[in-house]
2 protein chains.
Amino acid sequence: MTTTDETRPARPAGRPRSARAEKAIIEATLDLISESVSLSELSIEAVAARAGVGKTTIYRRWSSKEDLVVDALATLKAPIPPLEGRTVREDLAVYLEVIGREACDVRSRCVMNIAMNEAGRHPQLVERIRQAVIKPRREALGALLRRGIETGELRPDLDLPVAMATVVGSMMWYVKSAGFGGVEEHPEDLVERMVDHLMAGLAPR
Amino acid sequence: MTTTDETRPARPAGRPRSARAEKAIIEATLDLISESVSLSELSIEAVAARAGVGKTTIYRRWSSKEDLVVDALATLKAPIPPLEGRTVREDLAVYLEVIGREACDVRSRCVMNIAMNEAGRHPQLVERIRQAVIKPRREALGALLRRGIETGELRPDLDLPVAMATVVGSMMWYVKSAGFGGVEEHPEDLVERMVDHLMAGLAPR
């Protein structure tokens, strides 16, 4: 990922160097977390050592470990693209594609799992992750399903909280159980099949 | 949980004392894991100290840390009850009830999450959890859904792997996202609503 920097002959002073250090710090944070150092044990010292920077470089940019972890997680979680396709079905596919890709990212999964596991110890961190990552995703999906009810593409009597859990959970669990079985590759048509299944449900028509 | 033992005046020698020690060791293991000590850092020393037993007491019963963790996890994971209700719908409710109860157990969730996070480091442990916990659950659900297809209660063209992910994932994600929001209480009719939703799907009929 640093190839461009390394091969570029001349580099302007100041900002790029700082940007490079930031990137190294973020990567070090994510690596250390995904190596299962718990949040409590994640130290600025360890991040500094791994990133090859001094602790002051980190403290200049992030005032606490929580800030650093939230920013590191944010780099893995791209904003949900606007869901404005022609049909709700198409947008559901876009949504599942995004969360499926995120769920496949080992580091992203680790940070989320560890944050969950330590919710009791780090309530503020969990709250910030909730605001930065979970809430926008929930809102986007809620708006999409409500739009589908309005347009008649989805059932008028849809149980929204359960429907949302079903959409997200289907993809999350598929990825998780594949990972647990040691299989990280998913069928190419997974999103399409999942949308088909979610739309149709289990019962015969 | 040890009340019965403590209030019982006379206690036969040997087995009960050993059973009590075993219970303390299992509890200490689960507590330490759920306090987010990673598996790599979980030590027999720490378990012995927490349980108030000597290390030899642990080694007499468990030859490795992996054995201990698998046995500890097994105490949280009751076997899936036989799914032999009158209808597939009823059995689906039983299944969701069981996995929902398990998913609500913080310690159970922690052990599973940590094992997942460290799958690369502890492949044998993950394989044993897969055999002891995940495989029987997958098989029970697979058999149930296949029965439903045969009886006509479920769609003949059901996409089985996706359907399984949807059933399990709906409950898991509901519990997980509720936990992330700090809400651990679920509506009393959650299982019923979930079965309704899973059967009917998203599209209008």
Select from the range A:57-152 those trypsin sites (Lys or Arg not before Pro) which occupy a DSSP coil region and have at most 10 other Cβ atoms within 10 Å, ordered by residue number. A:Arg86
In degrees, nearest ten, helix B:88-104 long axis to first principal axis of chain B (Cα): 40
I need the inter-copy label distances for B:Pro82: point set 7 Å along Cα to C-beta, values in nm with one decimal, smallest first. 5.9
Give me the accessible area buried between chains A and B, both sides summed, with a 1.4 Å probe, in Å² rounded to the nearest 100. 5000
If you put a point 7 Å past Cα along the Cβ direction, how far is that point for B:Tyr59 from the same point in each other copy, in nm, smallest first? 4.4
Per the charge dipole of chain B (beta-carbon charges, Lys/Arg positive, Asp/Glu negative, Cα centre), the residue among B:Tyr59, B:Ala74, B:Ala49 reaching farthest to the positive end is B:Tyr59
Rounded to one decimal in nm, the spacing of the 7 Å Cα→Cβ label points at A:Arg86 and B:Glu90 is 4.7
Measure out, as a whole number of angstrom, how far apart the alpha-carbon centroids of the range B:90-163 and the range A:24-74 sit. 35
Whole-number percent relative contact order across chain B, with pairs defined as alpha carbons under 8 Å at least 6 apart: 20
Students often forget the sequence filter, so: which lysines lie under 25 Å Cα-Cα from A:Lys23 once same-chain residues fewer than 8 apart are removed? A:Lys55, A:Lys65, A:Lys77
Cα gyration tensor shape of the protein assembly as shown, rounded if a/c is under 1.5, else prolate or oblate by comparing a/b with b/c: oblate
Between helix B:15-34 and chain B, what is the angle of the helix's C-alpha long axis to the longest principal axis, kept within 0 to 90° and rounded to the nearest 10? 60
B:Glu84 - accessible surface, heavy atoms, 1.4 Å probe, Å² rounded to 10: 150
Sorted from shortest, what are the nm distances separating the label point of A:Glu188 from equivalent points in the other copies, each placed 7 Å from Cα along Cα to C-beta? 5.2
Per residue solvent-accessible surface (Å²) - the range B:14-74, probe of 1.4 Å: 45
As a test of reading the structure, rank B:Trp173, A:Trp62 by solvent-accessible area (1.4 Å probe, protein chains only), most first. B:Trp173, A:Trp62
Cα Rg, Dmax, the range B:129-205, angstrom units: 14.3, 41
Rounded to 10°, Cα long-axis angle of helix A:65-76 versus longest principal axis of chain A: 50
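The values are calculated or read from the model by the stated rules, or taken from the named source; none is laboratory data. Predicted, not measured: the structure shown is a model, and the values here were computed from it. Cβ: placed from backbone, ideal geometry, glycine included. Neighbour counts: every protein chain shown. We work out accessible area using only protein heavy atoms, side chains counted, and drop any ligands, DNA or RNA first. Shrake-Rupley method; radii C 1.70, N 1.55, O 1.52, S 1.80 Å.
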